[in-house]
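The next block holds one structure in the form of structure tokens; read it before the comments.
What follows draws every value from the coordinates through simple rules; no lab data is involved. Being a predicted model, the structure only gives us computed values, none of them experimental. For neighbour counting, all protein chains shown are included, and Cβ atoms are generated from backbone atoms with ideal geometry for every residue, glycine included.
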Amino acid sequence: MNTSEAGATRRVAPLSEWPIQTDLLGRLREDIASGRVPHAMLFVGEASQNRRFVNFLSQLLLCTGEPAPCGRCAACAQFESGNHPDLYVLDREGTAVKTGQVEALQERLKLRAHAGGRVVYVVHGVDEMTPVAANRLLKTLEEPWPSVIALLTAGSVRRVLPTVRSRCFLFPLPQAGSAPWDDAMPEERGAEPEGDPWFASLIEPVIQWTEILLKGAEPAVILADRLVRAAEDAEFSDVLYVLAMWLRDLMHTSAGDSRHIRFGEYRAQLKEQSSMTNVAELAKAVAVVLETRVRTRSHVAATLNAERMCVRLQEVFASVYGHRRPL
Amino acid sequence: MPYQALYRAWRPQTFADLVGQPHVKQTLMNAILRGQVAHAYLFCGPRGTGKTSAAKVLAKAVNCTHRQGAEPCNECEACRSITTGASVDVEEIDAASNRGVEEIRLLRDKVQYAPASVSRKVYIVDEVHMLTTEAFNALLKTLEEPPGHTLFILATTEPHKIPGTIVSRCQRFDFRRIEPEQILERLRTVCADQGWTYEEEALWKIAEAADGGLRDALGLLEQAAAFGSGRLTAEEAAQVLGGVRSSALLELVNRLVAEDLLAVIELLMDWYRAGKDASRIVHELLQVLRDLFIVKLSDGRSEWANRPGYRETADRCDKAWLLRAIQALGETYVHLRFVDQPRLALETALLSLAPSLTGAGTAPAQSAGPAGGMSGAAAGATRVASTANAPATPAAPAAAATPPASVKPGAGSSGGPVRRPGASRKMEVLTALSQQASAAVLEQVQGHWEALLRRVRERRIQTHAWLINGEPVLATPDVLVLAFTSRIHRDAVMKREERGVIEAVLAEEMGTAMQVLALLRADWESFQQTLAPASAPQGTQEEPNATAPADDLVASVVRLFGADRVEIIEDKE
């Protein structure tokens, strides 16, 4: 049997050279070095992070030199030029990986590896696959030929089909970027260039809007209208995302936290607005905004949704207004 | 032999190997022994419970040439070819990939031919819920009366997607989630076989996290087993499960109770930084809160009380708060599935749990302020619970000073491990109110009660239906206290819109705005008892109840934790 067949021990690049380091990955490294490569792995994290890591790992698994990935062997050269014959990557076509792609993969997996070593296949976004496509993977995942290795990625474990999840080793990947405690950006926004984040144009209108909200000077209907108009050339759900982030920053400021703030450059506004209310109310307000954001996905008229949110926010901030209760 | 994942290497090869599912094993083995194997079976149940494995064992058992009882020998030619998947007569069909009517037609054609090398052709149709409607229908006639030499085994995790016409043609077996104890036993066997040493707690953690799926459990075990270091610790298990150390969770609870929100944020951010999953954190936090609640109820006698930190933390929390936190986080856990900002959602849920922000169950908004500062003392008061023979207000500081060790059940004071949550806070509010109570106002309200009810009925008939069960028991110039026998009625009346209607009618009828406060009759009676020695009895004469009123909290606690975990010590008065 070929030496790169599963079961053989080999030298693997130290963890410090891996693009992402966690304790679990450290253990994975030892397992790979001792030849115990799990046949199915699921990486959960931000899309770009998943991609980066899976890319690295597939090169590592396909490399025939030492320490893997050596970057010098023929396999690495093929990999780097993007046409390794034993690597098969399923990426989203349109919204997600489609059934047809899984079918093609299954056809490919009937053949043995060109190089005689491992066959690695990658499926991106298993949490967004249609049920038909995901179910189709099940048998393929469970009992592949020896030396066939599946690398799956997902944004959220809880959206992965439980039967798929149960067949894989799970590896959560920490988030990249300056704020590891932040939630992942909306998926379609993830790949935008750094420097000028997509929400840059939204944050100032949102801050102004919050101020009007806190002052209680306007009735809910007009408030809602303002917010929808602030979103003229942006998705309403993106505006809500920014609003939730801003309220979160206010909440942190109100609790005395200055380290975990996203919009630190608006210090004055943070101070002023957070002094008008308190942590409890802000927490409730964030919950209202999050719920509204969930509703945007379920075909609710945007204006109606916004008005409902404003009414509820005003209820939350009732004590801020005191007797000057807006209509 | 190439490396295989544990869950594949340990796939059951005989019925005896199959963990759990005694009802399935017994029935199948009897059928084999009597030679009465049906022509079609449907195996359903959650992932990792042994459906496909049972199907394969059954396929071997009906074809084995040296069967031992009902078990396949796993050594004869037939058994071996089936195990390796090489047999031409035993086919495992992936219905999720071959879901169309065309594939089923092909299958139907093949069914007619006699088996080549074994006695019975077996078709294992896995993930059968993915077949299309047409494919199911094409299968119907074949499934109903197949040739005598065939056996169909359909396996699925989603039986509700299978048409009734298919289900009725099969013998259906429901596989159940495997009990953690049974998973634990299998994990021990595997560890022994692999030569791994382990901490018992680590295996427990894995068995619980597997949620009834043995495949999940073995996968987690393999991931957690540190090859080389040779010992599987609870810490490592927690790491693989993505969980948080219990000491850190307790720290979080402590900070929350102490209202150190900044520290709460810091802790949470640290976990996020370490890549912990929000829903996992909520899950573990719920577990810890539940354990704390048990420690509180058992008065330090449960197994959890001996774990480091539990006792101290439990002493700091108040029962009402614990229950509220469990409920709120439970809701968050469900909600997290739909939100795409789970971290933010968890953060807000946690921050709004600070005791002063949650507000007490029945106390009106005005009590939120002082209650926050009092929460530490209130918890102490609940613990020592000497409210039975002393007025409530002075009891709190005194109680806080009394060391908990001095509490002995039955030693004059009540000292019950199970007490109504937030009782002391309720008592404080009631004491404050009773000092301003005005018998004249109460009489006035009682006089107008019928008229009031009529007016409420005109406005909103539902409100009337709730309110009619109440009785005004105490009134100050601006607050009216109503007593209800049933918790449902009490809670309903305290809802915003119901209360709004009642207060509006009250204002019309009495001419002044009054706030309405509803409480349980049981609470009112126990309050009166505390009041009796201190001041003159209030209002109507209450018969001292020989038997304590049915305490619905106690009942629900017993329902939750089981009668054997809860000890009820009656207040002696």
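What angle, in degrees between 0 and 90 and rounded to the nearest 10, separates the Cα long axis of helix A:302-316 from the longest principal axis of the Cα atoms of chain A? Relative to chain A, helix A:302-316 is tipped by roughly 60 degrees. Modelled this way, with points 7 Å down the Cα-to-C-beta line, the labels at residue B:140 and residue B:199 are 5.9 nm from one another.
Could you compute the FRET efficiency for residue A:311 and residue B:174, with r as their C-beta to C-beta distance and R0 at 51 Å, rounded to 0.05? Show your work: numbers first, answer last.
Details: r = 47 Å, r/R0 = 0.93.
It comes to 0.60.
The angle separating the long axis of helix A:99-109 from the principal Cα axis of greatest extent in chain A is about 20 degrees. If one takes the longest principal axis of the Cα atoms in chain A, at what angle in degrees, from 0 to 90 and to the nearest 10, does the Cα axis of helix A:131-142 lie? Value to nearest ten degrees: 40. FRET efficiency for the residue B:111 to residue A:300 pair, using the beta carbon distance and R₀ = 56 Å, is estimated at 0.65.
Could you identify which residue out of A:17, A:143, A:281 has the top mean-square fluctuation in a GNM of chain A using Cα springs shorter than 10 Å? Maximum among the listed residues: A:17.
Highest GNM mean-square fluctuation among A:154, A:301, A:47, for chain A modelled with Cα contacts below 10 Å: A:301.
Over chain A, the alpha carbon radius of gyration divided by the compact-protein estimate 2.2 N^0.38 Å works out to 1.24.
Within the same chain, lysines fewer than 8 places from residue A:139 are excluded, and of the rest, those with a Cα less than 26 Å from its Cα are A:98, A:110, B:25, B:51, B:56, B:60, B:110, B:121, B:161. Taking other Cβ atoms within 10 Å as a rough exposure proxy, B:347, B:450 sort from fewest to most as B:450, B:347. Taking 25 °C and 0.890 mPa s as conditions, region A:15-179 diffuses translationally at an estimated 153 µm²/s according to Stokes-Einstein applied to its Kirkwood radius (Cα pairs).
Computed from label points 7 Å out along Cα-Cβ, the spacing between residue A:320 and residue B:181 is 5.5 nm. For chain A, the 222 nm mean residue ellipticity estimated from helices alone, with every DSSP H stretch of n ≥ 4 adding -39500 (n - 2.57) and the total spread over all residues, rounds to -14500 deg cm²/dmol. Using only side-chain charges placed at the Cβ, +1 for Lys and Arg and -1 for Asp and Glu, the dipole size of region A:200-321 relative to its Cα centre rounds to 320 debye.
Suppose R0 equals 51 Å; then what is the FRET efficiency for residue B:30 and residue A:34 from their Cβ-Cβ distance, rounded to the nearest 0.05?
Numbers: r = 45 Å, r/R0 = 0.89.
It comes out at approximately 0.65.
Per residue of B:333-343, other chain Cβ atoms within 10 Å of the residue Cβ number 6 on average. Placing +1 on each Lys and Arg Cβ and -1 on each Asp and Glu Cβ, with no other charges, gives region A:15-179 a dipole about its Cα centre of roughly 280 debye. In straight-distance terms, cross-link reach from residue B:495 covers every one of the lysines whose alpha-carbon lies under 22 Å from its own, apart from those fewer than eight places away in the same chain; here that gives A:284, B:426. Sorted ascending by nearby beta carbons within 10 Å, beginning with the fewest, B:113, A:241 become B:113, A:241. Other residues whose C-beta falls under 13 angstrom from the C-beta of residue A:20 contribute a net charge of 0, scoring Lys and Arg +1 and Asp and Glu -1.
Each of A:91, B:216, A:257 was scored by other Cβ atoms within 10 Å of its Cβ. Arranged with the fewest first, they read A:91, A:257, B:216. Of A:102, A:294, A:206, which is the most mobile in a GNM of chain A whose springs link Cα atoms less than 10 angstrom apart? Evaluated over chain A, the most mobile residue of the options is A:294.
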